[in-house]
Amino acid sequence: MFPLSEENKHVARLLFSSGTCPRCIFRFCGVDIHAPYKRSSKELFSELQKFLETEKDELILEVPNPPLKKIRLQEDRADNLSGNEEEEILATEDKSIASEPSNLSVCNVCLGILQEFSEKEFIAKVCQKVEASGFEFTSVVLSVSFPPQLSVREHAAWLLVKQEMGKQSLSLGRNDVVQLKEAYKWITHPLFSEELGVPIDGKSLFEVSVVFAHPETVEDCHFLGEVCPDCFKPAKNKQSVFTRMAVLKALNKIKEDDFLTQFPCPPKSPKTVCTVLEIECTHGAVFVAGRYNKYSRNLPQTPWIIDGERKMESSVEELISDHLLSVFKAESFNFSSSGREDVDVRTLGNGRPFAVELLNPHRVHFTSQEVKELQQKINKSSDKIQVRDLQLVTREAIGYMKEGEEEKTKTYSALIWTNKAIQKKDIGFLNDLKDLKIDQKTPLRVLHRRPLAVRTRAIHSMETHYLDEHHFRLNLKTQAGTYIKEFVHGDFGRTKPNIGSLMNVTADILELDVESVDVDWPPALDD
């Protein structure tokens, strides 16, 4: 069933004669049911022509009051013409209104977006590129970017229709016009879904982005820059100041009379359709979490590069993430963990929680067995680290790991040296200290990357094991974020109190191990 009625005929004829495509005419007539838009362009063109075919006599009856300026001028002339001449003029007028340029003419409003770019043939070409991209997906979200000048042309067409409807005491608000993207979505989403065999889902992590451009009309927006210069601010990441949002802002600001003097209404018909700048497939990040043990005292957590020179051949981050990057076929990654250990510190016990964000992964579906095999592959690749509890997690779940950085406790084992000879009785008092508060000024060794501040931390408990007159082992449970090395040697008085000041000796730390990071995340898995 054709969606336009007799009351739409004048607006439809006005737009059709100016070079507007059937689907855009539907939009300006407020057609908000999907079915008519889904029919082929050729079919719609033919049916619209039939709808607008009008006999001579009907035309005279249907001319609005007041009539169009062009018709009115010709009627004035007709008063002074003979009957034959009058019939000739009416026949000419009838021909110009009821007919339209060929099917190949490009819409003066959508520049072809709702014509050939809404047809099955174009959708099939896009889907071919999607399938050739190598991404795994079970749903898709379609993103389209239209040239900003479409907003200018749409505004011009709206003003034209609004003026004509006003002559009939009718109104047309901006919101009464079906948005171009909305109509495009109605047409193309079912076609994409059918072609790809997956549902269209606005929350899908897999996105197909189609970017359109129209070089021929790129200057349509430029007059807005002169009339509303404050709406167009240069941006570092934008090639042009005439972005869609900036153009819409200017169109909301410009007065109708100013617009009409600067831009033709109706818009001029273009010679060419839009071009497709790019068709890009991207997948949202996926997250892999686990816990790692570090057994080497010569391995940094992240690549150690100073002044562009690499200091260590590898890192915990790379030993884990390089495998994930390869298997997930991702473009890049971001590694994070619940705190970090120094290059010479081991992480023992049940390990330190970590998460890897894999950007634009092409493979995203893994069985639990495949993830277990991936964990084994990582563990076999190096004797410096081991990974456990490897699993896929959500972005939101990583928040639990970050909470643990400051809120949880950590347990350490340190080998301590003292300059003075000590006896077992000299260290026994440390066992009795509970929830000792210390003030730590940002350590000198990290001052280049951390702001200068004094942080209060708690040493919850200590347990000593005497070794010889210059050495003992100290096990500590501390608040997360405590600098253990500085608590031992004092960092030139920047940490108070410290083991040296408590024992009245010069103390230093020879070895340090992280025994546990008390964060219950990610969930433990059965081996």
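Using alpha carbon centroids, what distance separates the range 162-218 and the range 435-456, in Å?
First find each Cα centre; the distance between them is then 56 Å.
Find how much the distance from D520 to E219 grows on full extension, using 0.36 nm per residue of separation minus their present alpha carbon separation; answer in nm with one decimal.
Extending this stretch completely gives an extra 102.5 nm.
Report, for the chain, the % of DSSP beta bridges that are antiparallel, rounded to 5.
Details: 65 of 73 bridges.
So the antiparallel bridges in the chain amount to around 90 percent.
So I have (i) 17, 32, 23, 18, 8, 2, 0; (ii) 16, 39, 24, 10, 6, 4, 1, 0; (iii) 19, 49, 25, 6, 1, 0, and one of them is P(r) over Cα pairs in 20 Å bins from 0, in percent calculated from this model. Which one is it?
(i)
Within 10 Å, at most 16 other Cβ atoms, and a DSSP state outside H, G, I, E, B define an exposed site. Report the longest part of the chain free of exposed GluC sites (Glu not before Pro).
On the way: sites that count: E53, E55, E119, E136, E313, E331, E396, E469.
Here the longest run is 137-312.
Pull up the cross-link candidates among the lysines for K425, meaning alpha carbon to alpha carbon under 21 Å and not fewer than 8 places away within one chain.
Cα-Cα hits under 21 Å: K434.
State the Cα centre-to-centre distance between the range 329-384 and the range 233-307 in whole Å.
So the separation of the two Cα centres works out to 31 Å.
With every protein chain kept in place and ligands, DNA and RNA left out, what is the accessible area per residue of the chain? Probe 1.4 Å, answer in Å². List each step's numbers first, then the result.
Numbers: 27050 Å² over 527 residues.
Value for the chain: 51 Å² per residue.
Need the list of lysines near K50 for cross-linking: C-alpha distance under 18 angstrom, and skip anything on the same chain fewer than eight residues off.
K9, K42, K95
Between W304 and Q163, what is 0.36 nm times their sequence separation minus the Cα-Cα distance? Round to one decimal in nm.
Numbers: separation 141, 0.36 × 141 = 50.76 nm, distance 6.81 nm.
That pair, W304 and Q163, stretches by 43.9 nm at full extension.
Give K129/K162; K38/K329; K129/K253; K167/K253; K38/K203; K236/K408 a once-over and call out the pairs whose C-alpha atoms are over 32 Å from each other. Can you show the working numbers first?
Details: K129/K162 41 Å; K38/K329 37 Å; K129/K253 40 Å; K167/K253 24 Å; K38/K203 24 Å; K236/K408 41 Å.
From the list (K129/K162; K38/K329; K129/K253; K167/K253; K38/K203; K236/K408), the Cα-Cα distance tops 32 Å for K129/K162; K38/K329; K129/K253; K236/K408.
Be a star and scan the range 247-276 for residues whose amide nitrogen sits under 11 Å from the point 7 Å along the Cα-to-Cβ vector of K125.
Once the point is set 7 Å along Cα→Cβ of K125, 274-276 turn out to lie under 11 Å by backbone N, inside the range 247-276.
For D389, D32, D258, what's the largest-to-smallest order of accessible area, 1.4 Å probe? Don't jump to the answer; show the numbers that get you there.
On the way: D389 20, D32 105, D258 65 Å².
I get D32, D258, D389, largest accessible area first.
Would you please name the trypsin sites (Lys or Arg not before Pro) within the range 240-296 that are DSSP coil residues with at most 12 other C-beta atoms within 10 Å of their C-beta?
On the way: sites: R244, K249, K253, K255, K268, K271, R291, K294; in loops: K255, K268, K271.
Within the range 240-296, the qualifying trypsin sites (Lys or Arg not before Pro) (loop, at most 12 other Cβ atoms within 10 Å) are K255, K271.
What FRET efficiency would be calculated for the residue pair N431, D383, taking the C-beta separation as r and a Förster radius of 45 Å, to the nearest 0.05?
0.80
Over 32 Å between C-alpha atoms is what I'm after, so list which of K120/K233; K311/K380; K181/K268 land there.
On the way: K120/K233 39 Å; K311/K380 24 Å; K181/K268 21 Å.
Violating the 32 Å Cα-Cα cut-off are K120/K233.
Report the net charge of residues surrounding S516, where surrounding means a beta-carbon distance below 11 angstrom and charges are Lys +1, Arg +1, Asp -1, Glu -1.
Details: positive: R291, R352, K408, K410, K477; negative: D513, E515, D518.
So the environment of S516 carries a net charge of +2.
Restrict the search to the range 200-251; then list the chymotrypsin sites (Phe, Trp or Tyr not before Pro) that DSSP places in a loop and that have at most 12 other Cβ atoms within 10 Å of their Cβ.
Numbers: sites: F206, F212, F223, F232, F242; in loops: F232, F242.
Here no loop site has a sparse enough neighbourhood.
Would you mind checking the tilt of helix 41-52 against the longest principal axis of the Cα atoms of the chain, expressed as 0 to 90 degrees and rounded to 10?
It works out to around 40 degrees.
So what's the net charge close to L277: Lys and Arg +1, Asp and Glu -1, counting the other residues with Cβ under 15 Å from its Cβ?
Working: positive: K125, K129, K238, R244; negative: E216, E278, E280.
Taking every Cβ under 15 Å from that of L277, the sum is +1.
By average Cβ neighbour count within 10 Å, what is the ranking of 141-150, 20-29 from highest down? Walk me through the numbers on the way to the answer.
On the way: 141-150: 19.4, 20-29: 26.6.
Ranked by mean Cβ neighbours within 10 Å, highest first: 20-29, 141-150.
Of all accessible surface on the chain at a 1.4 Å probe, what whole percent is carbon and sulfur?
Details: 13300 of 27050 Å².
Summing carbon and sulfur atoms, their accessible area is 49 percent of the total for the chain.
The values are calculated or read from the model by the stated rules, or taken from the named source; none is laboratory data. All values reported here derive from a predicted model rather than from experimental measurement. Neighbour counts run over all protein chains shown; Cβ positions are idealised from the backbone, glycine included. Keep in mind that these areas ignore ligands, DNA and RNA; they rest on the heavy atoms of the full protein, side chains included. Shrake-Rupley method; radii C 1.70, N 1.55, O 1.52, S 1.80 Å.
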